[in-house]
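Engineer: Sharing a structure here in structure tokens format.
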Amino acid sequence: MSEYTNITTKCGEIKGLDRGEYSEFLGIRYATARRFQYATPVTHWDGIYDATKHGKVCIQNRTWYEHLEIPQRYFYYNEFRKGQTFDYDEDCLNLNIWAPKEKGCYPVLIFIHGGGFDSGANYDSAIDGAAYAKRGIVCVSIHYRVSVFGYFTHEKVKKAYGREGNFGLDDQLTAIRWVKDNISDYMGDANNITLMGQSAGAISIQYLCLSQKCKGLFQRAIMMSGGGLFPKFSLPRQAENTREYWLDLMQTCGAKDFEDFRTMDPHKIFTGIEELKQRRKDNTFNTMPVVDGYLIEKPIDEMIDHPLDIDYMIGYTNNDMYAIIMSKIGHDFIKKNGGYIYYFDIDAPGSDDNAAFHSADIRYVFGTLDKSHRPYGPEDYKASKMMMDYICAFARTGNPNTGELPQWEKTGKKALHITTPTDKIKMGHPSQWELLVNTITKGDPK
């Protein structure tokens, strides 16, 4: 059984887990928020905060409707959630911190999980910051509001706050600010912060990197399996143009008005969402970030040429969603803004033929291959170690090169091609294991 560790912070005393080589603080409340209200940061707690277990996960469709009969949903359940138990609640604004044991001032890595803006958790089985804490990096994973609680729009919200929607994106910004204000208590360097996200987490980071409200909050950004501003899927709509969808949901749920909907039982709301999905095809385009005039001030195509002046890293996989589009847009972004791009080309081992599926790189990046049902071998563990070495170097200095790893060029013309002997034999490459820097063409990412 793990021993405990207690530290005194600006917010008060906190009790975490002593893991020997590192300390672990789980479920730390960074903000509070009522439904359809923007978050208020936590600055103090009474007594000793118990940070020895994971915090609540935002209520989402998985709470009642897993839909594991749908192959894609079952696939990702099997990959990242099978065997885990999640406690769902609207009071979900919490984060986890893994910190080195030795006294110091360490670089900080904040991870934003994916889930299509309508699901996800900060402790899926692939997500664990222990490997980074052991390497001298303070790692943080955050929760934020998703689905209706994260992206609902309504004229009364606009009247109250001067903006609407983007509760989930605002939660992320609130969490980043909380980390910057408090991470020194956990031996983190508040002036050396890297954001890292996957899928919707990566897209969220892209939006944050286009907002001047984030200037100075972080120095680097890593975007995995989602590192491209797509022409359709992730271009936010004007906030007021999504109101009709949410009014339809309110009527479907039988809400008399906004106040009735704001206090309605969550199960009834998600039952209404299930009904709405049966008769509408635009659910995805309405349940995501919007142009709110605040966090996303203008349409993305008017902002994309003026991102924050920070260090960037983008990655995509051989069987990623919109892989060819993602590779082109990712390369174009890196060429214009500098940074590093990788192409993850290790097919997932096992009996299926999903290749390097969307988010397949996340277990390699966190060093959690051993928590998977897949028969990962020595080559995979070596690739995982090298990817973490690159990321640690990038988090420290903005340059992933260490002198011990293959040179990674800072350019959009070439990508770091990550592969193994098995995959290279399949593609006719030499059989020895190595990481290659290969030219990636616009038309064919291979």
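The values are calculated or read from the model by the stated rules, or taken from the named source; none is laboratory data. For clarity, every value in this text was computed on a predicted model and none was experimentally measured. No Cβ is skipped: glycine too gets one built from the backbone with ideal geometry, and neighbour counts run over all protein chains shown. Accessible surface is based on the protein model in full, side chains and every heavy atom, while ligands, DNA and RNA are left aside. Shrake-Rupley method; radii C 1.70, N 1.55, O 1.52, S 1.80 Å.
Engineer: What residue, among those in segment 137-166 that are basic (Lys, Arg) and in contact (Cβ under 8 Å) with a residue 12 or more places away in the chain, is nearest to ASN122 (Cα to Cα)?
Structural biologist: ARG145
Engineer: Going by what's in this entry, would SER125 be described as among the polar types (S, T, N, Q), part of a loop (DSSP other than H, G, I, E, B) and open to solvent by 10 Å² or more (accessible area, probe 1.4 Å)?
Structural biologist: yes
Engineer: Then there is this: What number of residues within segment 378-405 are part of a helix (DSSP H, G or I) and either farther than 22 Å from ILE334 by Cα or among the aliphatic types (A, V, I, L, M) (or both)?
Structural biologist: Adding up the residues that qualify gives 14.
Rundown of residues vs (1) β-branched (Val, Ile, Thr); (2) under 15 Å from SER119 (Cα atoms); (3) surrounded by fewer than 20 Cβ atoms within 10 Å (Cβ to Cβ), yes/no style:
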residue: ASN6; (1), (2), (3): no, no, yes
residue: TYR30; (1), (2), (3): no, no, no
residue: ARG35; (1), (2), (3): no, no, yes
residue: THR43; (1), (2), (3): yes, no, yes
residue: LYS53; (1), (2), (3): no, no, yes
residue: GLU69; (1), (2), (3): no, no, yes
residue: TYR74; (1), (2), (3): no, yes, yes
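Engineer: Right, here's the next one. Return yes or no: is ASN283 free of Cβ contacts under 8 Å to residues at least 60 places away in the same chain, touching a Phe, Trp or Tyr at 6+ places or on another chain (Cβ under 7 Å) and either open to solvent by 10 Å² or more (accessible area, probe 1.4 Å) or over 21 Å from SER359 (Cβ atoms) (or both)?
Structural biologist: So ASN283 fails the test.
Engineer: With modelled with pLDDT of 95 or more, in contact with a Cys (Cβ under 7 Å, 6 or more places away or on another chain) and not hydroxyl-bearing (Ser, Thr, Tyr) as the only criterion, which of ILE176, ILE137, ILE127 stands out?
Structural biologist: One residue alone meets the criteria, ILE137.
Engineer: How do the strands (runs of 3 or more DSSP E) wholly within segment 5-57 filter down when requiring 3 or more residues that are of a type outside the set (A, V, I, L, M): which remain?
Structural biologist: Of the strands (runs of 3 or more DSSP E) lying wholly inside segment 5-57, those with at least 3 residues that are of a type outside the set (A, V, I, L, M) span 12-18, 22-29.
Engineer: Residues in segment 329-376 that are in a helix (DSSP H, G or I), open to solvent by less than 30 Å² (accessible area, probe 1.4 Å) and under 24 Å from TYR123 (Cβ atoms): how many?
Structural biologist: Residues that pass the stated criteria total 6.
Engineer: Might you check whether a residue that is of a type outside the set (A, V, I, L, M), closer than 30 Å to ASN401 by Cβ and modelled with pLDDT of 95 or more occurs anywhere in segment 318-331?
Structural biologist: no
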